[in-house]
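The values are calculated or read from the model by the stated rules, or taken from the named source; none is laboratory data. In this text the structure is predicted, and so the values were computed from the model without any measurement. Glycine also receives a Cβ, built like all others from the backbone with ideal geometry; neighbour counts cover every protein chain displayed. Remember, those area values only see protein heavy atoms, side chains included, never the ligands or the DNA or RNA. Shrake-Rupley method; radii C 1.70, N 1.55, O 1.52, S 1.80 Å.
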Amino acid sequence: PGRVAELLGEIIRETAKAGGNVVIPTFAIERAQDLMFHLSRLVRVKAIPPVPVYLDSPMAREVTQAFERHDGFLDEEARKLFASEEHPFRFPGLVIVRTPEESKAINTVRVPAVIMAGSGMCTGGRIKHHLAHNITRPESTILFVGYQARETLGRQILEKAAQVRLLGKTFPVKARVAKINGFSAHADRKALG
């Protein structure tokens, strides 16, 4: 996990310095919460600049709230973290997007930001609009943290297609494309045990 946070911090720092956004296609269940955990730590130790971090996924918002409401299912370490000043789902700069209007407004913000939105493979959802506003920007980074199935828009971008079709239009892919392995949606045997 240390290496994952290190890479995430590095990508955010480089992209923010260039003046771009880090756009992360995010799976709503577990992956979004994993990202928030790492981002909250990076923010608190000032390993990344103070940029807005948007969680733009109605489903991820609901799942995040469920984690908070049902903390009895968490292990002792996680419960202590939730009760502390270092709550992983509440940190400076975090904006949990609620409405479609708030989602659209993200793309009018002119400061570097981290934008997490569904769907994880870019097949639908709010991520498509954020991609449309960032994929042609060399200063922005499209960051994948999950598996991209064949024939999906996510896989096309990951495999460095010169251009992609998005929202009925063709866009040249000019943004930096990055992938971080190590965000696992499946617990290993030990964690399940």
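Couple of notes before you dig in:
- Pairs, first over 17 Å from residue 26 (Cα atoms) in region 146-166, second polar (S, T, N, Q) and in a strand (DSSP E or B), C-beta under 6 Å, six or more apart: 163/170
- Unique residue being in contact with an Asp or Glu (Cβ under 7 Å, 6 or more places away or on another chain), modelled with pLDDT under 90 and open to solvent by 60 Å² or more (accessible area, probe 1.4 Å) when the list is 44, 69, 90, 110: 44
- Among the residues making up region 105-136, those that are farther than 16 Å from residue 174 by Cα, assigned to a loop (DSSP other than H, G, I, E, B) and not small (Gly, Ala, Ser) are 107, 108, 109, 110, 111, 112, 121, 122, 123, 126.
- Within region 167-176, the set of residues being part of a loop (DSSP other than H, G, I, E, B) and free of Cβ contacts under 8 Å to residues at least 24 places away in the same chain comprises 168 only.
- So residue 134, is it loosely packed, with under 14 Cβ neighbours inside 10 Å and among the polar types (S, T, N, Q): no
- Residue 39 being open to solvent by 20 Å² or more (accessible area, probe 1.4 Å), at pLDDT 90 or above, under 27 Å from residue 133 (Cβ atoms) and among the aliphatic types (A, V, I, L, M): no
- From the options 139, 151, residue that is surrounded by 14 or more Cβ atoms within 10 Å (Cβ to Cβ), assigned to a loop (DSSP other than H, G, I, E, B) and not basic (Lys, Arg): 139
- Residues within region 12-32 that are crowded, with 20+ Cβ neighbours inside 10 Å and either hydrophobic (A, V, I, L, M, F, W, C) or not in a strand (DSSP E or B) (or both), tallied: 12
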